[in-house]
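The values are calculated or read from the model by the stated rules, or taken from the named source; none is laboratory data. This is a predicted model, so every value here is computed, not measured. Glycine gets a Cβ as well: all are built from the backbone with ideal geometry, and neighbour counts include every protein chain shown. Accessible surface areas use protein heavy atoms only, side chains included; no ligands, DNA or RNA. Shrake-Rupley method; radii C 1.70, N 1.55, O 1.52, S 1.80 Å.
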Amino acid sequence: QVQLVESGGGLVQAGGSLRLSCAASGGIWSFNVMGWYRQAPGKQRELVATVSSGGNRNYADSVKGRFTISGDIAKNTVYLQMNSLKPEDTAVYYCYARGFSSNYWGQGTQVTISS
(Lines give C-alpha, C1' and ligand atoms only; values in the text may rest on other atoms or scores of the structure.)
Protein backbone atom coordinates (compact mmCIF):
# COMPACT_ATOMS: atom_id res chain seq x y z
CA GLN A 1 0.00 0.00 0.00
CA VAL A 2 1.50 3.31 -1.11
CA GLN A 3 1.61 6.05 1.50
CA LEU A 4 3.05 9.47 0.80
CA VAL A 5 4.26 11.24 3.91
CA GLU A 6 4.85 15.00 3.84
CA SER A 7 6.73 17.19 6.27
CA GLY A 8 8.04 20.72 6.48
CA GLY A 9 4.97 22.92 6.52
CA GLY A 10 4.49 25.72 8.99
CA LEU A 11 4.01 29.42 9.57
CA VAL A 12 6.45 31.92 8.11
CA GLN A 13 6.46 35.63 7.37
CA ALA A 14 6.18 36.96 3.84
CA GLY A 15 9.54 36.87 2.13
CA GLY A 16 10.64 33.83 4.07
CA SER A 17 11.40 30.28 2.99
CA LEU A 18 10.19 26.77 3.68
CA ARG A 19 11.23 23.36 2.43
CA LEU A 20 8.68 20.59 2.03
CA SER A 21 9.65 16.94 1.93
CA CYS A 22 7.76 13.88 0.77
CA ALA A 23 8.66 10.23 0.88
CA ALA A 24 6.72 7.12 -0.01
CA SER A 25 6.49 4.38 2.57
CA GLY A 26 5.55 0.74 2.27
CA GLY A 27 8.19 -0.18 -0.27
CA ILE A 28 9.91 1.17 -3.37
CA TRP A 29 7.38 2.05 -6.04
CA SER A 30 7.65 2.71 -9.77
CA PHE A 31 6.38 6.23 -10.13
CA ASN A 32 6.80 8.16 -13.34
CA VAL A 33 5.90 11.56 -11.88
CA MET A 34 6.09 13.09 -8.41
CA GLY A 35 5.24 16.56 -7.34
CA TRP A 36 3.22 19.01 -5.31
CA TYR A 37 -0.26 20.44 -5.50
CA ARG A 38 -1.91 22.94 -3.18
CA GLN A 39 -5.41 23.91 -2.14
CA ALA A 40 -6.28 27.24 -0.57
CA PRO A 41 -9.57 27.73 1.34
CA GLY A 42 -12.49 28.02 -1.06
CA LYS A 43 -10.35 27.20 -4.08
CA GLN A 44 -9.70 24.15 -6.21
CA ARG A 45 -6.59 22.09 -5.85
CA GLU A 46 -3.92 23.34 -8.24
CA LEU A 47 -0.60 22.15 -9.54
CA VAL A 48 2.48 23.71 -7.98
CA ALA A 49 5.34 21.71 -9.48
CA THR A 50 6.08 18.25 -10.81
CA VAL A 51 9.15 16.32 -11.85
CA SER A 52 9.17 13.30 -14.12
CA SER A 53 11.34 10.21 -14.02
CA GLY A 54 13.12 11.67 -17.05
CA GLY A 55 13.98 14.80 -15.09
CA ASN A 56 11.49 17.19 -16.70
CA ARG A 57 10.25 19.85 -14.31
CA ASN A 58 6.98 21.72 -14.59
CA TYR A 59 5.97 24.74 -12.51
CA ALA A 60 2.85 26.81 -12.10
CA ASP A 61 3.42 30.33 -13.44
CA SER A 62 2.70 31.77 -10.01
CA VAL A 63 5.71 30.02 -8.45
CA LYS A 64 8.28 30.13 -11.25
CA GLY A 65 11.51 31.68 -10.07
CA ARG A 66 10.57 31.25 -6.41
CA PHE A 67 10.01 27.51 -5.93
CA THR A 68 12.32 24.65 -6.87
CA ILE A 69 11.33 21.01 -7.05
CA SER A 70 13.93 18.31 -6.58
CA GLY A 71 14.18 14.71 -5.52
CA ASP A 72 14.84 11.18 -6.66
CA ILE A 73 11.81 9.47 -8.12
CA ALA A 74 13.61 6.13 -8.15
CA LYS A 75 13.95 6.48 -4.38
CA ASN A 76 10.40 7.85 -4.10
CA THR A 77 11.39 11.18 -2.59
CA VAL A 78 10.53 14.71 -3.66
CA TYR A 79 11.22 18.11 -2.16
CA LEU A 80 9.92 21.62 -2.69
CA GLN A 81 12.11 24.56 -1.78
CA MET A 82 9.92 27.63 -1.45
CA ASN A 83 11.55 31.06 -1.35
CA SER A 84 10.19 34.60 -1.37
CA LEU A 85 6.92 33.32 0.03
CA LYS A 86 3.80 35.44 -0.31
CA PRO A 87 0.53 35.44 1.64
CA GLU A 88 -1.19 34.03 -1.46
CA ASP A 89 0.98 30.92 -1.15
CA THR A 90 -1.00 30.00 1.96
CA ALA A 91 -2.60 26.61 1.37
CA VAL A 92 -2.51 22.94 2.23
CA TYR A 93 0.25 21.39 0.13
CA TYR A 94 -0.19 17.82 -1.07
CA CYS A 95 2.47 15.46 -2.27
CA TYR A 96 1.50 13.62 -5.45
CA ALA A 97 2.79 10.56 -7.25
CA ARG A 98 1.67 8.98 -10.47
CA GLY A 99 2.23 5.34 -11.11
CA PHE A 100 1.46 3.51 -14.34
CA SER A 101 -2.18 2.98 -13.46
CA SER A 102 -2.86 4.98 -10.30
CA ASN A 103 -2.47 8.37 -8.70
CA TYR A 104 -1.47 8.77 -5.08
CA TRP A 105 -1.84 11.65 -2.64
CA GLY A 106 -0.37 12.53 0.72
CA GLN A 107 -2.42 13.78 3.64
CA GLY A 108 -1.30 17.36 3.13
CA THR A 109 0.78 19.82 5.12
CA GLN A 110 -0.36 23.32 6.02
CA VAL A 111 1.71 26.28 4.81
CA THR A 112 0.71 29.67 6.20
CA ILE A 113 2.36 32.92 5.16
CA SER A 114 1.75 35.98 7.30
CA SER A 115 1.92 39.48 5.86
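Only bridges with both residues in the chain count here: give the DSSP antiparallel percent, nearest 5. If you can, show how the numbers build up before the last one.
Details: 39 of 43 bridges.
In the chain, approximately 90 percent of DSSP beta bridges are antiparallel ones.
Calculate the FRET efficiency for T68 and I28 from the Cβ-Cβ distance with a Förster distance of 25 Å, rounded to the nearest 0.05.
Values: r = 24 Å, r/R0 = 0.98.
With R0 = 25 Å, the Cβ-Cβ based efficiency is 0.55.
Tell me whether the chain comes out rounded, prolate or oblate; compute the Cα gyration tensor, take square roots of the eigenvalues as a ≥ b ≥ c, and use a/c under 1.5 as the rounded threshold.
Numbers: a/c = 1.91, a/b = 1.68, b/c = 1.13.
Taking the square roots of the gyration eigenvalues as a ≥ b ≥ c, the chain is prolate.
Count the net charge of all other residues whose Cβ sits under 14 Å from the Cβ of Q107, scoring Lys and Arg as +1 and Asp and Glu as -1.
Working: positive: R38, R45; negative: E6.
Spelling it out: positives minus negatives among the neighbours equals +1.
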query = Straight-line reach from K86: which lysines have Cα under 26 Å away, leaving out those fewer than 8 places along the same chain?
reply = K43, K64
query = Rank R38, R19 by accessible area, highest first, at a 1.4 Å probe radius?
reply = R19, R38
Cα shape, the range 41-84, gyration tensor, a/c 1.5 rule = prolate
